[in-house]
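Heads up, the thing below is written out as structure tokens.
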């Protein structure tokens with residue numbers, strides 16, 4: 001039986017930290033990324049792809065701000081939708097090319113995805129996710145007043161230490177799940193929930209409305225994995241293995257964890273919030289929802305990790 | 001038997017000329033637009049939607065230019081992909097809300113769409129489509145040199161009379177046609193080919209690559225209508241009926257045209273290039289490719305026109 005895998009790509013799979021983010025750079029990275037995805041497809045898996053959008057949304061927010069006197073900036077739900085288009089296109093085109101080169105005719109398609117959040121999510125009262133440019137104290141003060149942004153100090157030193165923070169609510173449901181499922185059933189490789197999905201909430205009357213928020217892409221990816229009935233949830237990030245006692249002298253690589261161990265390590269505070277922590281939480285949820293195994297590793301180790309040779313495996 | 005209709009929305013369906021383009025304004029317009037689409041759906045048609053992106057791409061190009069010292073601008077294929085995300089999201093969410101309110105559970109989904117063009121299309125040698133901001137003569141000269149833009153004088157008077165022009169090649173094929181078809185077969189309302197589709201060409205080795213171009217959205221919409229086997233192609237624009245002798249003293253409304261008449265009027269130069277002309281060309285192609293009827297009318301007359309009460313009907 002063919003097994004379904006949801007692959008969650010980190011930001012570095014599309015734009016590296018040291019790069020400015022030209023189309024050439026991003027396409028180069030996407031080609032590298034898609035080589036690894038092609039290997040997974042050749043391995044006989046049904047592949048569903050999701051990805052982050054931090055660097056792209058960040059660049060778009062800067063562009064919006066620089067031009068705000070001339071063109072009205074768009075809110076975060078629209079920014080999310082735009083980056084889903086941007087990144088989805090690059091992945092979709094590149095993967096189509098590689099599949100064709102490999103003699104495969106599998107269609108690849110990006111589905112614009114809205115993800116439902118709870119309007120009473122506690123993160124709306126205490127925003128935690130930094131987005132967009134860094135500001136000086138004076139700029140921060142002005143923006144906080146003018147646009148009612150919540151701005152926090154995110155660096156201890158430097159001229160620009162401030163950044164806007166927005167809510168990062170928990171994903172509850174994927175609005176376009178039926179379309180995603182029917183595409184997968186028809187043999188299509190689907191790219192969905194990009195950037196954690198476009199955050200929407202449900203109003204009293206049952207209608208959907210975008211919200212100024214950013215959903216964690218691994219938590220949204222996990223929801224996607226549930227919805228498509230994935231067997232494996234593969235998180236590709238910038239480390240080969242998850243570390244215990246991260247940042248401490250007794251730091252050590254983890255080859256595998258049981259669900260119980262993962263829960264315990266989370267409780268003990270081994271993982272960095274906004275970084276490894278949501279990834280582990282996502283893996284725990286995946287296993288709790290009946291997923292078979294979750295793997296965290298780096299992009300270039302993806303196939304090896306699937307063969308059990310490296311990465312961190314989390315299973316029940 | 002349920003009939004399939006492709007609805008092509010003009011720019012004014014999402015952003016009006018007098019507006020700046022805030023998210024509030026655009027959502028307000030989209031709500032108005034979706035009311036009419038809902039009526040078509042209630043009329044028992046299988047609806048496929050496509051739309052323009054001129055004003056949104058224009059705003060994004062201005063933002064990119066204003067911030068170009070800080071963030072690298074993206075090329076037109078990526079800009080197209082981003083606006084597909086932006087507009088697709090607004091249409092998708094609003095239509096889902098209206099369908100739910102009407103007690104219908106039909107899924108609605110935006111498919112990121114690439115449209116193939118011929119790299120030898122004559123328009124690559126003589127670009128015709130104005131995009132982005134207006135420039136002074138000095139700005140135009142600088143940009144032409146710095147970015148190798150082709151810049152043309154597009155207004156006879158004023159301070160800023162110049163604008164970048166890009167190729168508007170003919171659409172040949174829709175890359176994501178299989179995904180679009182399987183979604184429609186599964187009962188989904190599909191939004192596709194937004195902004196004329198992301199323009200791509202095929203390289204010698206058979207791989208796809210984005211090009212700096214903008215495909216006419218009505219010509220791409222016609223290709224979409226062919227691909228989904230539509231019975232009706234409905235172009236919604238800012239006039240209720242097509243005019244013969246446009247702009248002349250003997251100008252008159254056309255209630256209907258045969259395919260032969262449409263071809264003759266085209267030859268006689270009755271329609272404005274870049275405006276009504278590509279719409280008529282699109283209708284002619286649709287009928288030639290076995291479509292049953294094409295209708296051109298304004299958004300608010302859509303349902304009346306489908307009932308044969310107004311608009312311009314083109315049939316074989």
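Each reported figure results from applying straightforward, stated rules to the coordinates on display, with no laboratory input. The structure displayed is predicted, hence computed values, not measured ones. Every residue, glycine among them, receives a Cβ derived from its backbone with ideal geometry; neighbour counts consider all protein chains shown.
Listing for the model above:
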item: The range B:233-316: antiparallel DSSP beta bridges as a percent of all, rounded to 5; result: 45 percent
item: DSSP bridge orientation in chain A - percent antiparallel, rounded to nearest 5; result: 40 percent
item: For residues of A:88-98, the mean tally of beta carbons on other chains within 10 Å; result: 5
item: Nearest 10 degrees, 0 to 90: helix A:276-288 Cα axis against chain A principal axis; result: 50 degrees
item: Highest-MSF residue in chain B out of B:69, B:39, B:176 [GNM, Cα springs under 10 Å]; result: B:69
item: Spin-label model distance (nm) - residue B:42 vs residue B:2, 7 Å beyond Cα toward Cβ; result: 1.8 nm
item: Helical mean residue ellipticity (222 nm; -39500 (n - 2.57) per DSSP H run of 4+; nearest 500) of chain A; result: -12000 deg cm²/dmol
item: Axis-nearest residue of B (beta carbon) for the B-onto-A rotation, whole Å; result: B:85, 1
item: Exam field: residue B:69 pseudo-label spacings to other copies (7 Å along Cα-Cβ), nanometres; result: 1.2
item: Acute angle (nearest 10 degrees) that the helix B:54-66 long axis makes with the longest principal axis of chain B, alpha-carbon atoms; result: 30 degrees
item: Computed FRET value (nearest 0.05) for residue A:22 with residue B:209, which takes r as the C-beta separation and R₀ as 22 Å; result: 0.90
item: Per principal axis, descending, Cα span of the range A:115-232 in whole Å; result: 54, 34, 19
item: Convex hull projection area averaged over all views, chain A, Cα basis, nm²; result: 17.5 nm²
item: Rounded to whole Å, sorted largest first: equivalent-ellipsoid semi-axes of the protein assembly as shown, Cα gyration tensor; result: 42, 28, 23
item: Computed over the range A:110-168: relative contact order in percent, which uses C-alpha pairs under 8 Å that are six or more apart; result: 43 percent
item: Other copies of residue B:250: label-to-label distances in nm, shortest first, labels 7 Å along the beta-carbon direction; result: 9.6
item: More than 17 Å apart - percent of Cα-Cα pairs taken over the range A:78-182; result: 69 percent
item: Nearest-first distances (nm) between copies at residue A:300, label 7 Å from Cα via Cβ; result: 6.2
item: Nearest 10 degrees, 0 to 90: helix B:23-42 Cα axis against chain B principal axis; result: 30 degrees
item: Highest-MSF residue in chain B out of B:164, B:31, B:141 [GNM, Cα springs under 10 Å]; result: B:141
item: Test item: A:189-201 mean partner chain Cβ contacts at 10 Å; result: 1
item: Residue-averaged beta-carbon neighbours from other chains (10 angstrom radius) around B:50-62; result: 2
item: Highest-MSF residue in chain B out of B:76, B:249, B:38 [GNM, Cα springs under 10 Å]; result: B:249
item: Spatial separation of Cα centroids for the range B:20-54 and the range A:175-242, in angstrom; result: 25 Å
item: Highest to lowest packing among B:275-285, A:10-20, B:191-201, scored as the average C-beta count within 10 Å; result: B:191-201, B:275-285, A:10-20
item: DSSP-defined beta bridges in the protein assembly as shown - what % are antiparallel, rounded to 5; result: 45 percent
item: Shape call, the range A:250-295: gyration tensor on alpha carbons, a/c limit 1.5; result: prolate
item: Mean separation of Cα contacts under 8 Å (6+ apart) over length of chain A, as relative contact order %; result: 21 percent
item: Fully extended contour minus Cα-Cα distance, from residue A:245 to residue A:172, at 0.36 nm per residue; result: 23.2 nm
item: Three-way shape call for the range A:233-316 based on the alpha-carbon gyration tensor, with the a/c threshold at 1.5; result: oblate
item: Values of log10 I(q)/I(0), in the order q = 0.22 Å⁻¹, for the range B:1-131 under a Debye, Cα-only, solvent-free model; result: -1.37
